[in-house]
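What follows is one structure encoded as structure tokens, with my remarks underneath.
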Amino acid sequence: MAKTEKRKVGDLGEEIACRYLELHGFFIIERNYLRKWGEIDIIAEKGNVLHFVEVKSVSREPSEWFSREMIRPEENMHGNKIKRLHRAIQTYLMERKVGESKLWQLDLACVYIGFEAKKSHVEMLENIILG
């Protein structure tokens, strides 16, 4: 089955986010942790903190990356997505027997991809709160 354009952008965004995290001292533990009720894009560790990273990617050229008229990647974190992500995180913590003493947080990687310019930019929103 052929991937949609949206899926191609999403997959590339996840690759870019992983490279960014690794360059910034994170160790990637797992990718695309999937359960019926939700998915975690990237699970990484830095120091003694477990990071659950949701990746939101947009495709536009660098001159439009921060335009006020354009939808920003983080605006795609809707209520239903947050609920599904919360359930997936709780399941991961139980399945992997992550103790209560282990620190963890949810981060959002906003990835801007400029295909024509062959450039990308990652903006991390760290330790966001699940509503």
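For the reader, a short list of remarks on this structure follows.
- ILE82 meets the conditions (1) touching a helix residue (DSSP H, G or I) at 6+ places or on another chain (Cβ under 9 Å); (2) under 29 Å from GLU5 (Cβ atoms); (3) of a type in the set (Val, Ile, Thr) in every case but one. The failed one is (1).
- Unique match (being in contact with a Ser or Thr (Cβ under 6 Å, 6 or more places away or on another chain), surrounded by 12 or more Cβ atoms within 10 Å (Cβ to Cβ) and in contact (Cβ under 8 Å) with a residue 24 or more places away in the chain) among ILE89, ILE113: ILE113
- So ARG60, is it of a type in the set (Lys, Arg), under 17 Å from GLY10 (Cβ atoms) and open to solvent by less than 50 Å² (accessible area, probe 1.4 Å): yes
- No other residue among GLU75, GLU14, GLU54 is under 17 Å from ILE129 (Cβ atoms), out of contact with any Phe, Trp or Tyr (no Cβ under 7 Å at 6 or more places or on another chain) and open to solvent by less than 20 Å² (accessible area, probe 1.4 Å) apart from GLU54.
- ALA44 vs. criteria in contact (Cβ under 8 Å) with a residue 60 or more places away in the chain and under 20 Å from ILE129 (Cα atoms): no
- Test: residue in region 23-33 that is more than 12 Å from the chain's Cα centre (by Cα), among the aromatic types (Phe, Trp, Tyr) and open to solvent by 100 Å² or more (accessible area, probe 1.4 Å): yes
- VAL98 vs. criteria β-branched (Val, Ile, Thr), open to solvent by less than 50 Å² (accessible area, probe 1.4 Å) and over 16 Å from the mean Cα position of the chain (by Cα): yes
The values are calculated or read from the model by the stated rules, or taken from the named source; none is laboratory data. On a predicted model such as this, the values are computed, not experimentally measured, just so you know. Every residue, glycine as well, gets a Cβ built from its backbone with ideal geometry; the counts of neighbours run over all protein chains shown. Ligands, DNA and RNA are excluded from the accessible area calculation, which covers all protein heavy atoms including side chains. Shrake-Rupley method; radii C 1.70, N 1.55, O 1.52, S 1.80 Å.
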